[in-house]
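Laboratory data are not the source of any read-out in this text; all were calculated from the coordinates shown. Predicted, not measured: the structure shown is a model, and the values here were computed from it. Methodologically, a virtual Cβ is constructed for each residue, glycine included, from the backbone with ideal geometry; neighbour enumeration extends over all protein chains shown.
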Amino acid sequence: MMLSGKRILLIISGGIAAYKSLDLIRRLRERGAAVRPVMTAGAQQFVTPLAVGALAADHVFTEIFSREDEQDVGHIRLARDCDLVLVAPATADLMAKMANGLADDLASTVLLATDRPVLVAPAMNPVMWSAAATRRNVEQLKADGIRFIGPAAGEMAESGEAGVGRMAEPLDIVASVERLLDNGPKPLAGRTAIVTSGPTHEPIDPVRYIANRSSGRQGHAIAAALAALGADVTLVSGPVTIPDPAGVTTIHVERAEEMRDAVISRLPADIAVMVAAVADWRVAAASGQKIKKQPGEAPPPLMLTENPDILKTVGHHGQRPRLVVGFAAETQSVEENGRAKLTRKGADMIVANDVSPETGIMGGTRNRVKIIARDGVSDWPDMGKDEVAEKLALLIAEKLKATGGKA
């Protein structure tokens with residue numbers, strides 16, 4: 001069994017999704033894990049400690065100031081006597097406490113005191129999930145090394161509203177737990193990978209530039225996912241506002257030419273994943289001084305020249321990586337344009353998506369992609385960008401294994 005002998009500390013916080021924790025406990029135990037539950041006061045309004053304890057076959061911990069529990073186990077032992085802390089469901093309130101180091105109940109105290117890996121499965125109303133405060137907290141938690149699974153898109157049980165906020169399904173959570181606790185050989189151990197991410201900024205003058213709306217979230221997540229599978233990853237990042245992923249060597253650049261040079265300097269490599277939304281054009285001669293408006297005069301013309309095509313350069317390079325993956329951000333004819341790009345750029349796979357404004361993908365936290373390869377096309381469902389990254393990293397590992405390292 002995949003989780004045989006593993007000890008999971010399951011923190012259940014308040015929300016209708018708490019009912020899924022019952023099935024989650026069953027699925028974890030089916031795979032050999034020991035589950036020790038902690039329940040917040042809110043969680044106990046939705047499911048009973050009696051039901052949780054019966055399924056877990058263990059005591060349910062609910063109070064930080066319980067003399068019996070503190071004498072027997074104590075919150076520090078709870079925080080350390082496990083292989084992983086799983087928070088499912090995780091409310092906006094609990095994530096806010098985690099991000100800001102608050103510890104006013106047993107769950108938040110355990111989370112602050114643990115030195116074990118932490119996996120969070122958020123569940124909340126879509127408006128709460130998209131709120132600026134929640135987004136800041138999520139980014140902080142990711143920067144702190146907290147891993148996330150979900151939330152998924154769908155209809156909310158308590159309000160009838162639809163959107164992103166549903167807790168990931170128990171089996172998906174279990175799969176993430178298995179990946180996190182897998183101490184066996186890493187499928188990409190010994191492999192080197194180059195990933196590009198974010199936009200490029202092409203200067204017009206010292207204060208203005210040409211750019212796009214790329215946030216870098218997808219590229220950064222792919223770099224982290226490849227590293228989690230054992231690869232030695234270099235991330236070449238354009239200007240972004242998100243933190244560098246842990247366990248990855250990050251090179252910061254601004255212009256497309258700088259990004260190309262940084263990528264070429266890291267060759268040879270086994271894997272190249274070109275995610276960055278590189279500006280197609282730059283100003284032929286950027287002004288050394290701020291361009292001033294002149295009353296009654298038309299704005300000066302901007303003479304543009306084509307930027308280097310980094311994916312094509314890598315795909316046809318003398319030190320071409322064994323597997324080259326490109327991205328195609330399209331607003332129409334997604335599959336047709338992706339297929340054309342596959343051949344033209346010398347890639348082995350193209351990850352194509354529709355970035356029309358109404359999709360919210362450019363700059364957002366979710367993605368829906370088509371994987372276009374020489375042997376066919378597969379459609380992936382709507383997922384969080386972290387989940388797309390994990391799935392793509394596994395596919396890359398499978399491709400390298402199947403071809404013996406030759407794309």
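Compute the helix-to-body angle for 217-228: its Cα long axis versus the longest principal axis of the chain, expressed 0 to 90° and rounded to tens.
The helix 217-228 is inclined about 60 degrees to the chain.
For the chain, set up a GNM with springs between Cα atoms under 10 Å and report which of GLU297, GLU202, GLU254 has the largest fluctuation.
Per the Cα network of the chain with a 10 Å cutoff, GLU297 tops the list.
Express the Stokes-Einstein translational diffusion coefficient of the range 192-402 in µm² s⁻¹, to the nearest whole number, given a Kirkwood radius over alpha-carbon pairs, 4 °C and a viscosity of 1.567 mPa s.
So the translational diffusion coefficient is about 73 µm²/s.
Based on DSSP, what percent of beta bridges with both residues in the chain are antiparallel, to the nearest 5?
35 percent
Say we join alpha carbon atoms closer than 10 Å with springs in a Gaussian network model of the chain; which of ALA286, ALA228, ALA193 then has the biggest fluctuation?
Sorting by GNM fluctuation, first place goes to ALA286.
Which value, in nm² and rounded to one decimal, describes the direction-averaged projected area of the C-alpha convex hull of the chain?
That works out to 23.2 nm².
Less than 12 Å Cβ to Cβ from ASP232, Lys/Arg counted +1 and Asp/Glu -1: what total charge do the surrounding residues give?
Residues close to ASP232 contribute a combined charge of +2.
How do GLU258, GLU358, GLU30 rank when sorted from fewest to most other Cβ atoms within 10 Å of their own Cβ?
By the 10 Å Cβ count, ascending, the order reads GLU358, GLU30, GLU258.
What value in Å³ per residue do you get for the convex hull of the alpha-carbon atoms in the range 7-180?
100 Å³
Tilt of helix 334-345 relative to the longest C-alpha principal axis of the chain, in degrees (0 to 90, nearest 10)?
Approximately 60 degrees, to the nearest 10.
Could you check the simple spin-label distance between ILE76 and ALA246, using points 7 Å along Cα→Cβ, in nm with one decimal?
With each label point 7 Å from Cα toward Cβ, the separation is 2.2 nm.
In debye, nearest 20: dipole of the range 7-180 around its Cα centre with unit charges on the Cβ of K, R (+) and D, E (-)?
Once rounded to the nearest 20, the dipole reads 440 debye.
Helix 256-265: angle to the longest alpha-carbon principal axis of the chain, degrees 0 to 90, nearest 10?
70 degrees
Near LEU171, within a Cβ-to-Cβ distance under 12 Å, what is the net charge of the other residues, with Lys and Arg +1 and Asp and Glu -1?
Summing Lys and Arg as +1 and Asp and Glu as -1 gives -1.
Tally Lys/Arg at +1 and Asp/Glu at -1 over every other residue whose Cβ is under 15 Å from the Cβ of GLY101; what's the total?
Its environment carries a net charge of -3.
When the chain is fully extended, how far beyond the present Cα-Cα distance does ALA211 get from LEU302, taking 0.36 nm per residue of separation?
Between ALA211 and LEU302, full extension yields 31.3 nm more.
Just how far, in whole angstrom, is the range 250-265 from the range 181-248 if you go by their alpha carbon centroids?
Centre-to-centre distance over Cα atoms comes out at 12 Å.
Gaussian network model of the chain, Cα springs within a sub-10 Å range: biggest mean-square fluctuation belongs to which of VAL263, VAL52, VAL127?
In the Gaussian network model the winner is VAL127.
Place a label point 7 angstrom from the Cα of ILE16 along the Cα-to-Cβ direction, then list the residues of the range 109-131 whose backbone nitrogen is under 18 Å away.
Answer for the range 109-131: 122-130.
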